[in-house]
Amino acid sequence: MGDGVLEYKDLTPINLCKEELRLKVQNLKNGESLPSERQLVEELGVSRSTLRSALQTLRDEGIILSQERQGMHVNKKVNISMLGMNSMSSQIVSNTSDRSTHIQFLNSQVVPASEKMTNFFHIKKNTALIKISRSRTFEDHPATFETAFLLKEKYEKLLTIDFTDQSLYKVLDRTYHTTPAYGHEEIGYTLADKLKGEILKVPIDTPLYQVSSFTFDSQDTPIEYTKQYLVSNFFKYSLYAKNVLDYQEDDDNESF
């Protein structure tokens, strides 16, 4: 797997079905209805069990909503499905000098899993998670605020680590020999509240990129859920897709 490129190693029927459904959703408007399960089975050429498994993944991610007697509907605002396993640290460094960017470690704490995280990690509600909060500066200006969530029972040593100027992915590799193999991201917009405004040094209600990241290892085991808030005048997201199973960042057009 090269820099900025994600290639699926296991092209199972469920994975293929999920990507076909993602493409279909991208071509529909927010609130628009999806075809019935019977129509999707015939159109995609998959079994009903494969389709239902793929649909459940999209429900867990909030991409589609199901209501009794009303079928399935698209749920998207400014939302782009993105693939690529470079850490935020490596992406920034590749576009700037090491000296111009810094990671500020804010804190680590144990928190109960929310409903969305129970679906992603396949755990019970209120299971203990580690929450790592950090911010990043670019040329001494705050640029991002992020929170990463990982299972406490698997990664408890992370609670003792100071993540100042350290990549979480490198720490996971060094401490647990864990390496993200694939994942996806969802990008949207939000407005800065008091906390985000203080950390990013922007006025309340300033528009921010909001990026949710879901990462897995090569055995399809969930590793990390991250939510990032980025000051929009520092970042631009550009994607190049050769096909549905091979997404590549357009590095020539990416700026910070």
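The values are calculated or read from the model by the stated rules, or taken from the named source; none is laboratory data. None of the values given here were measured: they were computed from a predicted structure. Note that we place each Cβ from the backbone using ideal geometry, even for glycine, and neighbour counts take in every protein chain shown.
If the requirement is being under 20 Å from the mean Cα position of the chain (by Cα) and in contact (Cβ under 8 Å) with a residue 12 or more places away in the chain, which of these qualifies: Lys152, Lys125?
So the residue among Lys152, Lys125 that is under 20 Å from the mean Cα position of the chain (by Cα) and in contact (Cβ under 8 Å) with a residue 12 or more places away in the chain is Lys152.
When Ile204 is evaluated against the numbered criteria (1) of a type outside the set (D, E, K, R); (2) modelled with pLDDT of 85 or more; (3) within 30 Å of Thr118 (Cα to Cα), which criterion, by number, is the only one it fails?
Going through (1) of a type outside the set (D, E, K, R); (2) modelled with pLDDT of 85 or more; (3) within 30 Å of Thr118 (Cα to Cα) one by one, Ile204 breaks only (3).
Within 17 Å of Glu115 (Cβ to Cβ), surrounded by 15 or more Cβ atoms within 10 Å (Cβ to Cβ) and touching a strand residue (DSSP E or B) at 6+ places or on another chain (Cβ under 9 Å): is that true of Leu34 in this structure? Write out each step before concluding.
Numbers: within 17 Å of Glu115 (Cβ to Cβ): no; surrounded by 15 or more Cβ atoms within 10 Å (Cβ to Cβ): yes; touching a strand residue (DSSP E or B) at 6+ places or on another chain (Cβ under 9 Å): yes.
Against the criterion (within 17 Å of Glu115 (Cβ to Cβ), surrounded by 15 or more Cβ atoms within 10 Å (Cβ to Cβ) and touching a strand residue (DSSP E or B) at 6+ places or on another chain (Cβ under 9 Å)), Leu34 does not qualify.
Residue-by-condition table, conditions (1) under 28 Å from Leu58 (Cβ atoms); (2) within 22 Å of the chain's Cα centre (by Cα); (3) among the aromatic types (Phe, Trp, Tyr):
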residue	(1), (2), (3)
Thr160	no, no, no
Phe163	no, yes, yes
Tyr169	yes, yes, yes
Asp173	no, yes, no
Thr178	yes, yes, no
Glu185	yes, yes, no
Tyr189	yes, yes, yes
Asp193	no, yes, no
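Can you run down the residue pairs with Cβ atoms below 9 Å, 6 or more apart or on separate chains, where the first is in region 57-69 and within 19 Å of Asn15 (Cβ to Cβ) and among the charged types (D, E, K, R) and the partner is modelled with pLDDT under 85 and outside any helix (DSSP H, G or I)?
That search, which allows pairs on different chains as well, returns Arg59/Leu65; Arg59/Ser66; Glu61/His184; Glu61/Glu186.
Would you tally the residues in region 170-207 being over 19 Å from Val231 (Cβ atoms), aromatic (Phe, Trp, Tyr) and out of contact with any Asp or Glu (no Cβ under 9 Å at 6 or more places or on another chain)?
Adding up the residues that qualify gives 1.
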